[in-house]
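Quick notes on the structure that follows.
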Ligand code: UDP
């Protein structure tokens, strides 16, 4: 039985990865320091013989007894308001955390996949973004703590690959949505859906002309798995190229939820990228991957998930 370590296991992507690898028959070791993760996301796995959980901060050091075949490093705050609240932790987990896990991968002779991000492209001057683009990032801006940590993550991962011959993978994840996103994490999908459910106006930042391209969780997880199982060491974009403006997106959510909410406009946060769309030619060619779930279908499923939360959770998570 293959053993996989998943960091950020109690988070959005990490918990879905745990489910996926358990289903495939892996022995899964989940690790999380729970600063943004929630044990509720993985409590259904606790009774399983093939799952174990370590409450641990990977930025300090990481030790795992026994063999390890794969490591997936998904621990990190991942929303702009979290970077502002916990900037140092964000920098540490992308840098020191990655360093510790690369060391562990070397010790165990394990393959390691690190979760990078479309944020390495910053506010892009090239559109759509392909993997050859170097990006346009402010190192000292509010998002710099995340963007630069992830850029360092890529850099040190490539160095371990070329210098130590480590078996590495780098995925650049574009905006992904699905169940288990924190309602109060500030990202646009839970923000708009929470507002619709509470009967509040939807808050569009700026004039809403900035664009994003949203990927459904199941597509994202499959892309990550295919990359892990490939033999490709350079970064690969995984995202859905279906691009929308945030204003159109807000109107789409209002229509989907059948509510009669209004839209109010708030200032655009500093360094908020004006456009984002993945070029997925590489993923198509190398992994034979492309997204399958249309936004209307994916959003419907996520709305059902948020609807299933209790009203107590809805109000508790109100910012
Ligand atoms: N956004 C918005 N209203 C909100 C939350 C976010 O208009 O209540 C905008 C935000 O300014 C950005 C886009 O939605 O342009 C996506 O934001 P998110 O934080 O989800 O992801 P990221 O900016 O990291 O892509």
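The values are calculated or read from the model by the stated rules, or taken from the named source; none is laboratory data. Quick caveat: nothing in here was measured; it's all calculated off a predicted structure. For neighbour counting, all protein chains shown are included, and Cβ atoms are generated from backbone atoms with ideal geometry for every residue, glycine included.
The strands (runs of 3 or more DSSP E) found wholly in the range 44-129 and carrying at least 2 residues that are under 16 Å from the mean Cα position of the chain (by Cα) and either without any contact (Cβ under 8 Å) to a residue 40 or more places away in the chain or more than 16 Å from the ligand (Cβ to nearest atom) (or both) occupy 70-73, 111-117. Out of (1) within 15 Å of the ligand (Cβ to nearest atom); (2) part of a helix (DSSP H, G or I), the odd one out for residue 207 is which? Every listed condition holds for residue 207 apart from (2). Exactly one residue out of 246, 253 is within 15 Å of the ligand (Cβ to nearest atom), buried (at least 18 other Cβ atoms within 10 Å of the Cβ) and more than 20 Å from the chain's Cα centre (by Cα), and it is 253. For the range 70-106, the tally of residues that are within 12 Å of residue 5 (Cβ to Cβ) and surrounded by fewer than 24 Cβ atoms within 10 Å (Cβ to Cβ) stands at 3. Does any residue of the range 151-164 turn out to be under 28 Å from residue 283 (Cβ atoms), touching a helix residue (DSSP H, G or I) at 6+ places or on another chain (Cβ under 9 Å), in a loop (DSSP other than H, G, I, E, B) and within 16 Å of the ligand (Cβ to nearest atom)? No: zero hits. Among the residues of the range 21-40, which ones are in a helix (DSSP H, G or I) and out of contact with any strand residue (DSSP E or B) (no Cβ under 9 Å at 6 or more places or on another chain)? Across the range 21-40, the qualifying residues are 23, 40.
The residue that is surrounded by the most Cβ atoms within 10 Å (Cβ to Cβ), among those in the range 267-308 that are modelled with pLDDT under 95 and more than 16 Å from the ligand (Cβ to nearest atom), is 307. Scanning the range 186-203 for residues that are in a helix (DSSP H, G or I) and more than 7 Å from the ligand (Cβ to nearest atom) yields 190, 193, 194, 195, 196, 197, 198. Residue pairs whose Cβ atoms lie under 6 Å apart, sitting 6 or more positions apart in sequence or on different chains, and linking a residue in the range 173-190 that is modelled with pLDDT under 95 to a partner that is part of a helix (DSSP H, G or I) and within 11 Å of the ligand (Cβ to nearest atom), are 183/190; 183/194; 186/81.
For the range 130-148, the set of residues classified as over 17 Å from the mean Cα position of the chain (by Cα), in a loop (DSSP other than H, G, I, E, B) and either touching a residue at least 12 places away in the same chain (Cβ under 8 Å) or buried (at least 20 other Cβ atoms within 10 Å of the Cβ) (or both) consists of 130, 131, 133, 135, 137, 138, 141, 142, listed by residue number.
Determine whether residue 232 is more than 28 Å from residue 82 (Cα to Cα) and away from the ligand (no atom under 16 Å from the Cβ). It is true that residue 232 is more than 28 Å from residue 82 (Cα to Cα) and away from the ligand (no atom under 16 Å from the Cβ).
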